[in-house]
Amino acid sequence: MPALQTENVTAGYGKTPIINEISVDAEVGRITTIIGPNGAGKSTFAKTLVGILKPMAGRILVNDVDITRMPGHQIPRHGLAYVPQNDNVFKRMSVRENLEIGGFVKKGDPAARIEELFEIFPDLAKAHAKKAGLLSGGQQNLLAIARALMANPSVIVLDEPTAGLSPAYTSVVWEQIARIAQLDTAVVVVEQNVERALKHSDLVHIFVAGRDHVHGPAQEISALDLPSIFLGRSHSSEAA
Ligand SMILES: Nc1ncnc2c1ncn2[C@@H]1O[C@H](COP(=O)(O)OP(=O)(O)OP(=O)(O)O)[C@@H](O)[C@H]1O
Ligand SMILES: [Mg+2]
């Protein structure tokens, strides 16, 4: 059973759906990535997964538990963590303090978990006493990811973890994402950079205009005519 299952999820901000009948599964040990043009509904999907938006239809399950109608604050307890694209750290708090307040749902010793995370994220270990607001953008993103990992989630949802980063730091972040997947975690990433997504992911979904236009193993997706899909010139298999 995949750690995350979504079945025909339809959601939006008002009465009009933005995403339609989306079914995405994510398995532990795998990186499942959502790509697609601007406005395709990628962030809307991420927000729906984590309960910020409630679906109009469909179901979301984490470890077989239906979280679809659960209040947002209860969802982390069921093993789902979310890292939003912006404003994802407490800038006036130190790196360590940011991690401490991320540990609220974790059973066991937060200090020990912080040490584990410092092994995975050496940049953060070096900067442990620094105010988060003084870190580089890339380091802040890593801190936000580490904070979400304090809760030891089964599923982590990352919305554009490499947006605005230098190519070098983008590689660092993707290396860390690969390590996270190995920690018995299902990783769901929203990514702007198609090349990176295809290189680092196991499964890729391409959203176009609020629909899951096509999905499959990264290798299969790499073989498609992606420019046509992104420009909306290619019909999905359902529509064809
Ligand atoms: N808070 C909101 N209220 C109303 N409509 C919104 C809101 N946020 C996004 N939308 C609309 O929903 C659609 C999908 O937006 P969304 O942010 O999910 O796209 P995206 O695929 O994440 O795009 P990007 O690549 O630019 O991040 C867009 O048409 C957008 O204008
Ligand atoms: Mg977005």
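The values are calculated or read from the model by the stated rules, or taken from the named source; none is laboratory data. Note that the coordinates shown come from a computational prediction; the quantities given were computed from them, not determined experimentally. We place every Cβ from the backbone using ideal geometry, glycine too, and count neighbours over all the protein chains shown. For the accessible areas, the whole protein counts, side chains as well, though only heavy atoms, and no ligand, DNA or RNA atoms are used. Shrake-Rupley method; radii C 1.70, N 1.55, O 1.52, S 1.80 Å.
How many residues does the stretch 136-176 hold that are open to solvent by less than 10 Å² (accessible area, probe 1.4 Å) and of a type in the set (A, V, I, L, M)?
Residues meeting the conditions: 12.
Between a residue in the stretch 30-46 that is within 22 Å of residue 153 (Cβ to Cβ) and any residue that is acidic (Asp, Glu) and near ligand 2 (Cβ under 9 Å from one of its atoms), which pairs come within a Cβ distance under 7 Å, given they are 6 or more apart or on different chains?
Close Cβ pairs satisfying both conditions: 43/159; 46/159.
Results for (1) part of a loop (DSSP other than H, G, I, E, B); (2) at pLDDT below 95, shown as yes or no for each residue.
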residue: 17; (1), (2): yes, no
residue: 20; (1), (2): no, no
residue: 28; (1), (2): yes, no
residue: 34; (1), (2): no, no
residue: 38; (1), (2): yes, yes
residue: 45; (1), (2): no, no
residue: 52; (1), (2): yes, yes
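Identify all residues within the stretch 1-22 that are touching a Gly at 6+ places or on another chain (Cβ under 8 Å) and of a type outside the set (A, V, I, L, M); write none if there are none.
6, 7, 8, 10, 17, 20, 21
Could you check how many residues of the stretch 26-59 are farther than 23 Å from residue 176 by Cβ, away from ligand 2 (no atom under 12 Å from the Cβ) and surrounded by fewer than 21 Cβ atoms within 10 Å (Cβ to Cβ)?
Matching residues across the stretch 26-59 total 7.
How many residues, within the stretch 55-89, are in contact (Cβ under 8 Å) with a residue 40 or more places away in the chain, out of contact with any strand residue (DSSP E or B) (no Cβ under 7 Å at 6 or more places or on another chain) and over 17 Å from residue 189 (Cβ atoms)?
Residues that pass the stated criteria total 4.
Can you tell me which residue in the stretch 62-83 is nearest to residue 204 (Cα to Cα), limited to those that are aliphatic (A, V, I, L, M) and surrounded by fewer than 19 Cβ atoms within 10 Å (Cβ to Cβ)?
65
Quick one: residue 15 ticks every box in (1) over 15 Å from the mean Cα position of the chain (by Cα); (2) buried (at least 17 other Cβ atoms within 10 Å of the Cβ); (3) within 12 Å of ligand 1 (Cβ to nearest atom) bar one, so which box is it?
Of everything listed in (1) over 15 Å from the mean Cα position of the chain (by Cα); (2) buried (at least 17 other Cβ atoms within 10 Å of the Cβ); (3) within 12 Å of ligand 1 (Cβ to nearest atom), residue 15 misses just condition (2).
For the stretch 67-77, check the following and say yes or no: at least one residue is of a type in the set (D, E, K, R), more than 17 Å from residue 19 (Cβ to Cβ), at pLDDT 95 or above and away from ligand 2 (no atom under 16 Å from the Cβ).
no
Quick check: is even one residue across the stretch 84-92 surrounded by 20 or more Cβ atoms within 10 Å (Cβ to Cβ) and modelled with pLDDT under 95?
The answer is yes; a qualifying residue exists.
Show the residue pairs meeting these rules: Cβ distance below 6 Å; 6+ apart or different chains; first residue within the stretch 195-211 and within 13 Å of residue 234 (Cβ to Cβ) and of a type outside the set (Gly, Ala, Ser); second residue assigned to a strand (DSSP E or B) and open to solvent by less than 10 Å² (accessible area, probe 1.4 Å).
206/35
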